[in-house]
Amino acid sequence: MILGRDQTILLPVRASTIVASFALALFLNFLPWQDLRVVPDFVALVLAFWCVRQPRLVGLGVAWMLGLLSDAGNGVLLGQHALSYSLLAFLAIWMSRRILWFGVGLQALHVAVLLLVAQAVALLVRMAAGDAFPGWTVVVGPLLGAALWPAATWLLLLPQRRAEREAAI
Amino acid sequence: MDHSPPPFFKRGPAPLARLFFFASLSLALLVIDARFRYVEGLRSWLALAAYPLQRAATAPIELGERVSGYFASQAWLIEDNERLRAQALAYAQDAQRYRFAQAEADQLRRLIGAAERLAVRAVPAEIIYTGRDPYSHRIFIGRGAIHDVHAGSPVADYAGVIGQVTRVHPLLSEVTLITNPDQAVPVEVVRNGLRAVAFGGGASGMLELRYMPANADVQNGDRLITSGIDGTYPAGLPVGEVVRIERDADQSFARVIAAPAAGIDRGRYVLVVSRETALPERPAEAQPGKERRAERSRRARKDADDSR
């Protein structure tokens, strides 16, 4: 794994951490939000994170399955989120080395582009199925998601860091 | 991908090939789901997998409601009790009058030989989840196939129809609201019995009566109820009230907009109504070509018999 600006050496990630983070993201997505257009897609964010950090462990297959779960849970066309998450995972893996080279702020900018592309694909699918354009507020969700990137990075790397600190003591 | 690992570290097919594979799989699923509905089983299993997370996500809100309800003040309860008792008295009188009217109506109906309407069965359900997609006009209720909910049953709240069960999963069902543009409800104007079909108005949250002739006898404030002649909705459930009529000379149809009677986007509890009595089987459509020919030959034979 290539280290970015922060030169801390992290412990290898545990699979249980990844599974728990995805469960938490799905949970956050299923919360009864007031206006869903401005709520970031937490699953997409966490997926992008693991694809960037662990492209060997989390890939297109995981993204596709998560997409299907989201589709069934939301009652939309089966395959809509699956398609957009697959594309998101591909782009994140493809750009992972480039993204990790930057600091957290610039990483968030890259992630904003990824999330916007994923959202655009989902929107295109929905419009192809006959829905009207829901207005430009739809871009708020991905941008907020990108703004949460530093917090997500800190939180999701916590298990690897904490173990390291305890070992040092 | 100029920095791909040497061949002996290769793991699986190239990422681009993988993207292509999963994208085409998704597109195939989309087409199958949108056009043919062959994947309902798969969807049920996936929904079952997502169910615990959905339940967990709505649990804190339920808990909060319960706790705040527990601390409701005593004074308020007493006041409420008094009010309710007064109301119950009024209702009791109404109920007596209703029973009388019901008996009378039964007699009259028997007199004119109409089929007796049997009571409808209703399953109370809680709205557990609204879909993440705000434009799908769908909600999820916490009653499914194991609670004997069937696809196609109408769903109502205390004020009127809110939608129809469109998919049944084992533990929950999906309800399409009447404001969904693809959802149609056969209605009848209470004032004069005029029949019409109400379609959802989409994001406006209104209903639209389509295909009404420009000179149709509809007025603002007309109440709409289900007509019951489709065999799906029981008759007499309130649907909405006409709020706007646009009659345009160069269009043959009038544009009639109605506001839904039920709280489509409010409330937590609904009733899944199912009709026990089935209407008689709809007669099969006549086959245009064959039938007519058979008819004609029969008639020809009859004519020949008569002339003989």
**OP:** State whether the residues of the range B:219-237 include one that is at pLDDT below 60 and within 30 Å of B:Asn192 (Cα to Cα).
**Re:** no
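Every residue, every condition in (1) at pLDDT 80 or above; (2) in contact with a Gly (Cβ under 6 Å, 6 or more places away or on another chain); (3) in a loop (DSSP other than H, G, I, E, B), yes or no:
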| position | (1), (2), (3) |
| --- | --- |
| B:Leu19 | yes, no, no |
| B:Ala28 | yes, no, no |
| B:Ala49 | yes, no, no |
| B:Ala75 | no, no, no |
| B:Glu79 | yes, no, no |
| B:Ala90 | yes, no, no |
| B:Arg110 | no, no, no |
| B:Arg117 | no, no, yes |
Subject >> Only one of A:Val111, A:Val125, A:Val121 that is within 25 Å of B:Asn180 (Cα to Cα), more than 7 Å from chain B (Cβ to nearest Cβ), in contact with a helix residue (DSSP H, G or I) (Cβ under 8 Å, 6 or more places away or on another chain) and of a type outside the set (D, E, K, R) >> reply: A:Val121
Original post:
When the residues of the range B:11-41 are filtered to those that are more than 7 Å from every other protein chain (Cβ to nearest Cβ) and under 23 Å from the mean Cα position of the chain (by Cα), which remaining residue is surrounded by the most Cβ atoms within 10 Å (Cβ to Cβ)?
Top reply: B:Glu40
**OP:** Count, please, the residues in the range B:208-229 that happen to be within 19 Å of B:Gln251 (Cβ to Cβ) and in a strand (DSSP E or B).
**Re:** 6
**OP:** Can you run down the residue pairs with Cβ atoms below 8 Å, 6 or more apart or on separate chains, where the first is in the range A:8-35 and under 16 Å from A:Met65 (Cβ atoms) and the partner is assigned to a loop (DSSP other than H, G, I, E, B)?
**Re:** A:Ala15/A:Leu57; A:Ile18/A:Gln54; A:Ile18/A:Leu57; A:Ile18/A:Val58; A:Asn29/A:Asp41; A:Asn29/B:Arg132
**OP:** Would you point out which residue out of B:Ile162, B:Ile178, B:Ile139 is within 12 Å of the chain's Cα centre (by Cα), under 21 Å from A:Phe30 (Cβ atoms) and surrounded by 21 or more Cβ atoms within 10 Å (Cβ to Cβ)?
**Re:** B:Ile139
Original post:
Just wondering, is there one or more residues in the range B:152-159 that are on the phi > 0 side of the Ramachandran plot and either at pLDDT 85 or above or of a type in the set (A, V, I, L, M, F, W, C) (or both)?
Top reply: yes
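Give the range A:94-125 a look and list any residue that's under 13 Å from the mean Cα position of the chain (by Cα), aliphatic (A, V, I, L, M) and either surrounded by fewer than 24 Cβ atoms within 10 Å (Cβ to Cβ) or outside any helix (DSSP H, G or I) (or both), or say none.
Listed by number, the residues that qualify are A:Ala108, A:Ala112, A:Val113, A:Leu116, A:Val117.
Return the residue satisfying two criteria in turn: it lies in the range A:48-64 and is within 9 Å of chain B (Cβ to nearest Cβ) and in a helix (DSSP H, G or I), and of such residues it is nearest to A:Leu24 (Cα to Cα).
Only one residue fits best here, namely A:Ala63.
Per-residue answers, yes or no, for (1) closer than 15 Å to B:Thr226 by Cβ; (2) without any contact (Cβ under 8 Å) to a residue 40 or more places away in the chain:
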position: B:His147; (1), (2): no, yes
position: B:Ser153; (1), (2): yes, no
position: B:Gly160; (1), (2): yes, no
position: B:Ser173; (1), (2): no, no
position: B:Thr176; (1), (2): no, yes
position: B:Gly193; (1), (2): yes, yes
position: B:Gly205; (1), (2): no, no
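The values are calculated or read from the model by the stated rules, or taken from the named source; none is laboratory data. Model, not experiment: these values are computed from the prediction. Please note: Cβ atoms are built from the backbone with ideal geometry, for glycine as well, and neighbour counts cover all protein chains shown.
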